[in-house]
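A short write-up of the structure that comes next.
The values are calculated or read from the model by the stated rules, or taken from the named source; none is laboratory data. Since we're looking at a predicted model, the values are computed, not measured. Cβ sites come from the backbone with ideal geometry, for glycine too, and all protein chains shown count toward neighbours.
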Amino acid sequence: MEKDTLLAAISSWRYYYEKLSPKHRKNKKIAVFAINKYKEESSNWGIDEISKSIPKALLEDPEIQELLKPVQGSD
């Protein structure tokens, strides 16, 4: 699948990221887009849920950590 098609799918249905193959979830641009979509449409709980779908290597990325920071700090 092309990246633009995946971004459009995530834009239409935010849970689409969680259904992607690991190959596509490893793409930082797609992960950032999905996190921002969750932040736009849901509570911190929703973003916390998407963080479970993000590959470990991306969770170590400073930009991804910054996007998830409010989630990691809330209980």
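Quick notes on this structure:
- Pair list, Cβ under 8 Å, 6 or more apart: region 39-50 residue under 16 Å from residue 65 (Cα atoms) and surrounded by 12 or more Cβ atoms within 10 Å (Cβ to Cβ), other residue modelled with pLDDT under 75 and among the hydroxyl-bearing types (Ser, Thr, Tyr): 44/74
- Residues in region 53-75 that are at pLDDT below 90 and either under 16 Å from residue 20 (Cα atoms) or not in a helix (DSSP H, G or I) (or both): 3 in all.
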